Amino acid sequence: METLSAICIAPLMTHFYLNSRKQYIICGILFVLIAALIAGRFYLGVWLFKYVNDEVNNIPGYEGSVESIDIHLYRGAYRIHHLKINKENGHIPAPFIDIKQADLSIEWSALFHGRIVSNIELFQPVINFAVNNGIAQNGADVDWTQPIKKLMPVDINRVTFREGKLTYQHFSSHPEVNIYINHMQGESTNLRNVVDKSKALPSTLYVKGDSIGKGKLEIKGRMNILKQVPDMDLDMKLENVYLPALNDYSNAYAAIDIKKGDLNVYSELIIKDGHVSGYIKPIATHISLIDLRKDANPVKVAWEAVVSLVLKVFTNLRKDQFATKADLQGDISHISTDTWSTISGIIRNAFISAMQKGFEEDNRGALSPEAIKNK
């Protein structure tokens, strides 16, 4: 009987032993793989942190750093925290670029179009154009496409940003100047022309924000950045700026103080095959200057008297507005304004007819009819 039991139980014991051994092997392999992934991800994070810091610190004339980096393998993405880039030896107390978060990821939807491209999302990006003791911080001396390509080697197809800020500060002027546009939101799509390939201007751009003096900024248009010199058709408007909020700027650069008034600025810019055309049209309404007759500076008092006289002469009395339209023409490397157009615009506004708020209707000839049709 015992022999029979042993004969019956032995196969079962062997089966359980083999299955258990197989399970242990599978578990061991999975453990090794998981450990390898964790170690690889940790090493990748360390390497990427060093790589990004080195790249932002090697921009000519600038020094930079990042606080930390998160890796999201399942999205094919990584996120940079607190990226700052400062001008070297400029003694400028504000970073040129300050971004709270930058998310760089693969755009999976583009794979359906047979393309591998990426997205960049920026949260609270700040760009500070600044001057201090003759040193300018404007980024004009650097080809910024190079560090961007090193941080994201895959072609960028979409860029979005939220709660951004753009400033101009002059730390050595009297008074100090600080003008800005904040709460900026923006998006540019189809930069690599993954879709809408038949359009002359396939990419879109939209930016909005709030300016100093509670003005509202809006920029919208279309682009083709795949050309060596990108084609663009952009509309910009800045409306309802309370002019006294710009007194530090007007005082530092024009030695005048504004008591009241509002400013609206409209502009259209077209770039086609490297040629720039367009206009900028500022309109100031209900302007009056602060009475400085009791001011101790007689030169400034005399200057403001001259400015007041000019404003009275060239202000459209019917609509109480001072306006002009400056045409922009030239090669992309040198955008120029026509001085005589500016002067004639003032005279036309003052003595012939008040310029209407809004965009012009006659500035659409620079692009081909096909391009306009596809806008």
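Remarks
- Calculated FRET efficiency for the pair residue 196/residue 72, C-beta based, R₀ 35 Å, to 0.05: 0.75
- Listing 115, 75 from fewest to most neighbouring C-beta atoms within 10 Å gives 75, 115.
- Difference of contour (0.36 nm per residue) and Cα-Cα distance, residue 140 to residue 187: 14.6 nm
- From the C-alpha gyration tensor of the range 238-279, square roots of 5λ in Å: 30, 13, 6
- At R0 = 35 Å, FRET efficiency that the Cβ-Cβ distance of residue 58 and residue 331 yields, to 0.05: 0.65
- Label sites at residue 81 and residue 235, each approximated as a point 7 angstrom past Cα along Cα to Cβ, lie 4.2 nm apart.
- Solution diffusion estimate, µm²/s, Stokes-Einstein, the range 99-192, Kirkwood Rh from C-alpha pairs, 10 °C, viscosity 1.306 mPa s: 104 µm²/s
- Altogether, the Stokes-Einstein calculation at 4 °C and 1.567 mPa s, with the Kirkwood radius of the range 212-290 over Cα pairs as Rh, returns a diffusion coefficient of 91 µm²/s.
- When the C-alpha to C-alpha distance is required to be over 23 Å, the pairs from 100/165; 227/281; 149/199 that qualify are 227/281; 149/199.
- Hydrodynamic radius (Kirkwood) for the range 188-258, which is based on Cα pairs only, to one decimal in Å: 14.5 Å
- Most positive-pole-ward Cα, 170, 189, 153, against dipole of the range 139-224 from beta carbon charges: 189
- Applying a DSSP loop filter and a limit of 15 other Cβ atoms within 10 Å to the GluC sites (Glu not before Pro) in the range 116-198 leaves 176.
- Remark on residue 256: its backbone amide H falls under 5 Å from those of 251, a criterion applied only to residues 5 or more positions apart or on other chains, H modelled at 1.01 Å from N.
Where a number appears in this text, it was derived from the coordinates with a stated rule and is not lab data. Quick caveat, the model's predicted, so the values are computed rather than measured. Don't worry about glycine lacking a Cβ; one is built from the backbone with ideal geometry, like all the others, and counts go over all protein chains shown.
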